[in-house]
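K.L.:
Before I ask anything, here is the structure I am working with.
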Amino acid sequence: MMNAAENIDEADGARPDETAAPAPAEAQRTKGVDSARRALQILLEFSESTPELTVDNVLEKHDISVPSAYRYISLLRELDLIEEREKGRFVLSPQIFRLARAAETTIDFRGQVQPILNRMAEETGETALYLRRVNDSAVCLAMAESDHPISISFQPGTLMPLYGGAAAKLLLSELPPPKLAQYFNRLGPVLSKQAKTKLERDLEPLRETGYAESAGEVDRGVWAAAASVHTNGITVGALTIVAPDYRLSDEHKAQIAECVRWGAKEFRAAIADEH
């Protein structure tokens, strides 16, 4: 890739960036990477309001020649960061989804969610957790235990399967059909064909409602209710309350269901306030 960048530098003469916002100080500006900077600036032109670019768009924003504009676009295409949807019109490639997922995994929102979990545990008297999907697993990132904690498999930092438990299945239900099919293929013989078919059928209403319940799917005798949390169309996780089934009345289960939905709503609001 260095050869491509070097070729651009040589052809473009590493022309100084006249259109970008000035750096606070010259010492803070990385030297010798003008072409890389220009290519990244073109990539950053894409947004929700500008989902596609043409060479003319690039020329309007950047003081470069037509051949240089084509070379930068060619480099971005070579790296599979953009693709040509139709003649002369370029859009971001699916490769960007991988980068977006990588960014999502670094944002855990534990600071925002912990007070909400604490209140959920206080109001219901049961243990509350925040789960996120990491590749093919669900991981507990935060937890608020009740005054009478129970032994459960989901513990902070522990990776658990996506096919068991209310919150984990909610996270699994968010996968689009092609990704879900790939997930089932990766599972191999862990689940039977019949179990996979049933699970796929069970996921449909979860996807629609963003709410799930389970009984004894992860730990024997443990009941759970969970609600998914989305912001800007992205799933940031699920909140769940778990409790021993034997001590739960129908009224208490209804209270827990209402509490997890309230928690998800509050969590969404807390994230929005941060952004």
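The values are calculated or read from the model by the stated rules, or taken from the named source; none is laboratory data. Note that the structure is predicted; figures quoted are calculated from it, not measured. Counting neighbours? That spans all protein chains shown, and the Cβs are built from the backbone with ideal geometry, glycine included. Remember, those area values only see protein heavy atoms, side chains included, never the ligands or the DNA or RNA. Shrake-Rupley method; radii C 1.70, N 1.55, O 1.52, S 1.80 Å.
K.L.:
Consider ARG220 carefully, then state whether it is within 25 Å of ASP250 (Cβ to Cβ) and either part of a helix (DSSP H, G or I) or without any contact (Cβ under 8 Å) to a residue 24 or more places away in the chain (or both).
P.N.:
Working: within 25 Å of ASP250 (Cβ to Cβ): yes; either part of a helix (DSSP H, G or I) or without any contact (Cβ under 8 Å) to a residue 24 or more places away in the chain (or both): yes.
In short, yes.
So that you can scan it fast, the table gives a plain yes or no per residue for (1) in contact (Cβ under 8 Å) with a residue 24 or more places away in the chain; (2) in contact with a helix residue (DSSP H, G or I) (Cβ under 6 Å, 6 or more places away or on another chain); (3) among the charged types (D, E, K, R):
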residue: ARG133; (1), (2), (3): yes, yes, yes
residue: ALA144; (1), (2), (3): yes, yes, no
residue: ALA167; (1), (2), (3): yes, no, no
residue: PRO177; (1), (2), (3): no, no, no
residue: SER192; (1), (2), (3): no, no, no
residue: THR209; (1), (2), (3): no, no, no
residue: SER214; (1), (2), (3): yes, yes, no
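K.L.:
Looking at GLU84, GLU45, which is the one that is assigned to a loop (DSSP other than H, G, I, E, B) and open to solvent by less than 90 Å² (accessible area, probe 1.4 Å)?
P.N.:
Values: GLU84 fails: assigned to a loop (DSSP other than H, G, I, E, B).
Criteria check complete, one pass: GLU45.
K.L.:
Is segment 228-235 home to any residue that is assigned to a helix (DSSP H, G or I), surrounded by fewer than 18 Cβ atoms within 10 Å (Cβ to Cβ) and without any contact (Cβ under 8 Å) to a residue 24 or more places away in the chain?
P.N.:
Initially, segment 228-235 is screened for residues assigned to a helix (DSSP H, G or I), giving none.
For segment 228-235, residues assigned to a helix (DSSP H, G or I), surrounded by fewer than 18 Cβ atoms within 10 Å (Cβ to Cβ) and without any contact (Cβ under 8 Å) to a residue 24 or more places away in the chain: absent.
K.L.:
Out of all the residues in segment 67-80, which are open to solvent by less than 70 Å² (accessible area, probe 1.4 Å) and under 16 Å from ASP56 (Cβ atoms)?
P.N.:
Result: SER68, ALA69, TYR72, ILE73.
K.L.:
So, in segment 50-80, how many residues would count as being touching a Leu at 6+ places or on another chain (Cβ under 8 Å) and more than 15 Å from ARG37 (Cα to Cα)?
P.N.:
Residues that pass the stated criteria total 2.
K.L.:
Please state which of the following conditions VAL242 fails to meet, knowing it meets all the rest: (1) open to solvent by less than 60 Å² (accessible area, probe 1.4 Å); (2) free of Cβ contacts under 8 Å to residues at least 12 places away in the same chain; (3) not in a helix (DSSP H, G or I).
P.N.:
(2)
K.L.:
Condition first: at pLDDT 90 or above, more than 15 Å from ASP136 (Cα to Cα) and polar (S, T, N, Q). Can you find one or more residues in segment 236-248 that meet it?
P.N.:
yes
K.L.:
GLU213 fails exactly one of the following numbered conditions: (1) closer than 18 Å to SER137 by Cβ; (2) open to solvent by 70 Å² or more (accessible area, probe 1.4 Å); (3) in a strand (DSSP E or B). What is the number of that condition?
P.N.:
(1)
K.L.:
I've got another one for you. Just one of ASP17, ASP9 is in a loop (DSSP other than H, G, I, E, B) and either surrounded by 13 or more Cβ atoms within 10 Å (Cβ to Cβ) or modelled with pLDDT under 90 (or both); which is it?
P.N.:
Values: ASP9 fails: in a loop (DSSP other than H, G, I, E, B).
None of the others qualify; the one that does is ASP17.
K.L.:
One residue is enough: does segment 251-268 have a residue meeting the conditions open to solvent by less than 30 Å² (accessible area, probe 1.4 Å) and more than 20 Å from ALA142 (Cα to Cα)? Please lay out each step first, then the result.
P.N.:
Here is the first cut: in segment 251-268, the ones open to solvent by less than 30 Å² (accessible area, probe 1.4 Å) are 256-257, 259-260, 263-264, 267.
Those left that are additionally more than 20 Å from ALA142 (Cα to Cα): none.
For segment 251-268, residues open to solvent by less than 30 Å² (accessible area, probe 1.4 Å) and more than 20 Å from ALA142 (Cα to Cα): absent.
K.L.:
Within segment 50-67, work out how many residues are in a helix (DSSP H, G or I) and among the polar types (S, T, N, Q). So that I can check it myself, show each step before the final result.
P.N.:
In the first step, residues of segment 50-67 are kept if they are in a helix (DSSP H, G or I); the result is 55-61, 66-67.
Filter once more, so that each one left must be among the polar types (S, T, N, Q): 57.
Residues in segment 50-67 being in a helix (DSSP H, G or I) and among the polar types (S, T, N, Q): 1 in total.
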